[in-house]
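Data first, discussion second: the structure below is written as structure tokens.
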Amino acid sequence: AKSDGGGKYEVFDPERSAREAARIELAADLPEALRRAEFRLEYQPLVDLRDSRLLGVEALVRWHHPRLGLVPPGDFISLAEETGAIVQLGLWVLAEACAQAAAWAEQFPDAGNGSGLFVSVNLAARQIRDSALVDDVEAVLERTCLSASLLQLELTENEIMDTAGKPLRVLEELAELGIKIAIDDFGTGYSNLSYLRCLPVTSIKVDKSFVDGLGGAEGLEETLIQEKIFGTIVSLAHALNLMVTAEGVETEVQAANVRRLGCDAGQGWLFSRPCAAERITQLLAAQTSF
Ligand code: C2E
Ligand code: CA
Ligand code: CA
Ligand code: CA
């Protein structure tokens, strides 16, 4: 038991201390893991809700730890943020995803909306505050020969604001490269929506929690409220010329509802779980409809 500084003692919790020990082990292993190439990317399809075709993919990182097995990003991204390893890891993710997207663009130039499949890469808060970011992104695009229009970066609402609640300048510089910018987990961060108007973003990804309420499991009254909220988000986004993606679509009912409410694209287990690059290549080769 250790003092929490408030004069009280924490009760010893074996499960919690085991989790702490695992965290410490993972944090210590991170720098080595990059050199040992223990990370892999999986790609999850983004599907056009009008014609059910594959529009793009989101790159999601996985850690194949030699002792612990597959470690999900939820268990190491925040650690990597704390230790600073995220900058190096994030750059690896970006380079790997862009190289893969360039290969797909070469093999399937008409995929996506007709000019190639786009790849969407998550950025951590620490990466956005890294002064080398714009140069790094530019260098990766050059090195991989990926058209900037086929790269999307995903940032959360909280990540793109400075401490005064103003959007970060670096967004403009990223947008000037010609890449797309999406707001991830939309609806879970800043509730002041007026900032959207002055941001160089191209799309929003509505958080799964909003899609969950459209499954038809709730009572009529609750369903109507959820539909109103979702529909309002879509209208607002469209008024600002933003594309809307629904995250975490798991059922046909949810897909039908988000489509009816005007949503442009969907992502979720209903269409596909995140999968290896080879599987995406197969989907492209077969011109799969979802
Ligand atoms: P996210 O960016 O919101 O990514 C979506 C997460 O939801 C992914 O979890 C995905 O596998 C999961 N998901 C997709 N469809 C469904 C569905 O229909 N139902 C459910 N229940 N889940 C679904 P994952 O891969 O475990 O990633 C978790 C989070 O870790 C991501 O959330 C993102 O914030 C972070 N992350 C993943 N890869 C990276 C990365 O390369 N860099 C950074 N900075 N963060 C990453
Ligand atoms: Ca994301
Ligand atoms: Ca998300
Ligand atoms: Ca997230």
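The values are calculated or read from the model by the stated rules, or taken from the named source; none is laboratory data. As the structure is a prediction and not an experimental result, all values here were calculated from the model. Positions of Cβ are backbone-derived with ideal geometry, glycine not excepted, and every protein chain shown enters the neighbour counts. Quick note on the areas: whole protein, heavy atoms, side chains included, nothing else; ligands and nucleic acids left out. Shrake-Rupley method; radii C 1.70, N 1.55, O 1.52, S 1.80 Å.
Structural remarks
- Options LEU240, LEU196, LEU236; residue that is modelled with pLDDT under 95, crowded, with 18+ Cβ neighbours inside 10 Å, over 15 Å from ASP48 (Cα atoms) and in contact with a Leu (Cβ under 8 Å, 6 or more places away or on another chain): LEU196
- Among the residues of segment 126-143, the ones that are open to solvent by less than 30 Å² (accessible area, probe 1.4 Å), within 12 Å of ligand 1 (Cβ to nearest atom) and out of contact with any strand residue (DSSP E or B) (no Cβ under 7 Å at 6 or more places or on another chain) come to 1 in all.
- Meets criteria (more than 16 Å from ligand 3 (Cβ to nearest atom), open to solvent by less than 20 Å² (accessible area, probe 1.4 Å) and at pLDDT below 95) for LEU79: yes
- Enumeration of residues in segment 247-290 that are more than 24 Å from PHE108 (Cα to Cα), touching a residue at least 60 places away in the same chain (Cβ under 8 Å) and within 11 Å of ligand 1 (Cβ to nearest atom): GLU247, ALA255
- Scanning segment 116-152 for residues that are under 19 Å from LEU46 (Cα atoms), touching a helix residue (DSSP H, G or I) at 6+ places or on another chain (Cβ under 9 Å) and within 16 Å of ligand 4 (Cβ to nearest atom) returns SER120, VAL121, ASN122, LEU123.
- Any chance GLU42 is of a type in the set (D, E, K, R), within 14 Å of the chain's Cα centre (by Cα) and open to solvent by less than 40 Å² (accessible area, probe 1.4 Å): no
- Cross-chain or 6+ apart pairs with Cβ under 6 Å, segment 207-222 first and open to solvent by 50 Å² or more (accessible area, probe 1.4 Å), then within 16 Å of ligand 1 (Cβ to nearest atom): LYS208/GLU247; LYS208/GLY248; GLY216/VAL253
- Filtered residues of segment 83-108 (kept if open to solvent by 70 Å² or more (accessible area, probe 1.4 Å) and away from ligand 1 (no atom under 15 Å from the Cβ)): GLU106, GLN107
- Matching residues in segment 184-221 - criterion: being of a type in the set (S, T, N, Q) and either within 15 Å of ligand 1 (Cβ to nearest atom) or under 22 Å from ALA164 (Cβ atoms) (or both): THR188, SER191, ASN192, SER194, SER203, SER209
- Residues that are in a strand (DSSP E or B), within 16 Å of ligand 1 (Cβ to nearest atom) and open to solvent by less than 30 Å² (accessible area, probe 1.4 Å), drawn from segment 144-182: LEU151, GLN152, LEU153, GLU154, LEU155, ILE181, ALA182
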